[in-house]
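Notes follow the structure.
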Amino acid sequence: MKKVILAIGALTMTVIANAQEFASFKPYEGNVTSEMGLTGGIFNSDIKLAEGALLRGRYFLTETSAIRVGLNVTSTGTKENFWKDSTTTKGVLNQRTSNVMINLGYEKHFKGTNRLSPYVGGDVLLGFGSQKEKGSETDGNTYFANYNYDVKTSNFSWGVRGVVGADYYFAKNVYLGVEAGLGFINSVEGKTKISTQIGSSSSNTEIKSPGSSFDFNPSIVTGVRLGFVL
């Protein structure tokens, strides 16, 4: 009797293991995924947030369709000193650049396997940026007594992108993915506002937009991605 019980137990564990292997590891309706990018290869990698997306996620409407959204925010700043001489008198130049990129899109997933989920999709892209430069006691190149200025510039970009990719779920709710895209981006330079002050005299100037530029090319959208089903 003991042997029979052990045999039944072993058979049960085998059935459960096989059932887990054949069960789908992929997201279901209502699942949300979040991900980050990997650089430097899979086995010798630095982990960084996905290119073009500081925050990126998907909401699965069904097992084969998902809404995707991404938000990328970058900001860089520098400070440079211009000394009059070896004393503490100096001019200071502050520069800052900020950019925000938003993408909203849709993915159509295909059957694949229990672990592999290939898909195609598309994004609408919107971007906003600004550049600021402020000099105090400097013209931006050397120390300049009693000279102050402030320059502000903005830009706007929009575009569309088609993508093709695949996710491989190597564990329940955890996947590696790759994605490539073909997109069009149109960038429009905004007007520039310049304020200057020399002693007690000041002036304000506004320069109209110098124009726009566009870019149309294929690209790796996020390289290798590590994602999670939340």
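Bear in mind that the values in this text are calculations on the coordinates, not laboratory data. Since we're looking at a predicted model, the values are computed, not measured. Neighbour counts are summed over all protein chains in view; Cβ atoms, including those assigned to glycine, are modelled from backbone coordinates with ideal geometry.
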Among the strands (runs of 3 or more DSSP E) confined wholly to the range 151-230, which include 2 or more residues that are out of contact with any Gly (no Cβ under 7 Å at 6 or more places or on another chain) and over 30 Å from Asn94 (Cβ atoms)? 174-198, 212-229
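Counting only residues that are of a type in the set (Gly, Ala, Ser), surrounded by 10 or more Cβ atoms within 10 Å (Cβ to Cβ) and free of Cβ contacts under 8 Å to residues at least 24 places away in the same chain, how many does the range 70-91 have? Let's see the steps before the verdict.
Let us first name the residues in the range 70-91 that are of a type in the set (Gly, Ala, Ser), namely 70, 75, 77, 86, 91.
Retained after the next criterion (residues that are surrounded by 10 or more Cβ atoms within 10 Å (Cβ to Cβ)): 70, 75, 77, 91.
From what is left, the residues that are free of Cβ contacts under 8 Å to residues at least 24 places away in the same chain are 77.
Residues that pass the stated criteria total 1.
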Identify, from the list Glu133, Glu137, Glu107, the residue that is in contact (Cβ under 8 Å) with a residue 12 or more places away in the chain, more than 30 Å from Lys90 (Cα to Cα) and among the acidic types (Asp, Glu). Glu107
Check Val163, Val151 and return the single one that is surrounded by 15 or more Cβ atoms within 10 Å (Cβ to Cβ) and farther than 20 Å from Ser65 by Cβ. Val151
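Looking only at the range 66-75, decide whether some residue is closer than 28 Å to Asn31 by Cβ, part of a strand (DSSP E or B) and of a type in the set (D, E, K, R).
Yes, the conditions are met somewhere in the range 66-75.
Could you list all residues from the range 140-150 that are part of a strand (DSSP E or B) and either of a type in the set (Val, Ile, Thr) or within 15 Å of Leu93 (Cβ to Cβ) (or both)?
Across the range 140-150, the qualifying residues are Tyr143, Phe144, Ala145, Tyr147, Asn148, Tyr149, Asp150.
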Checked the range 170-181 for anything exposed (fewer than 15 other Cβ atoms within 10 Å of the Cβ) and not polar (S, T, N, Q); matches are Phe170, Ala171, Lys172, Val174, Ala180
Going through the range 124-139 in order, the residues found to be crowded, with 17+ Cβ neighbours inside 10 Å and in contact with a Leu (Cβ under 6 Å, 6 or more places away or on another chain) are Gly135, Thr138
Considering every residue within the range 115-123, establish whether at least one is farther than 20 Å from Ala66 by Cα, surrounded by fewer than 15 Cβ atoms within 10 Å (Cβ to Cβ) and touching a strand residue (DSSP E or B) at 6+ places or on another chain (Cβ under 8 Å). no
Is it the case, given these coordinates, that Lys111 is part of a strand (DSSP E or B) and over 19 Å from the mean Cα position of the chain (by Cα)? no
Given the criteria closer than 25 Å to Glu29 by Cβ and in contact with a Leu (Cβ under 7 Å, 6 or more places away or on another chain), does Ala171 qualify? no
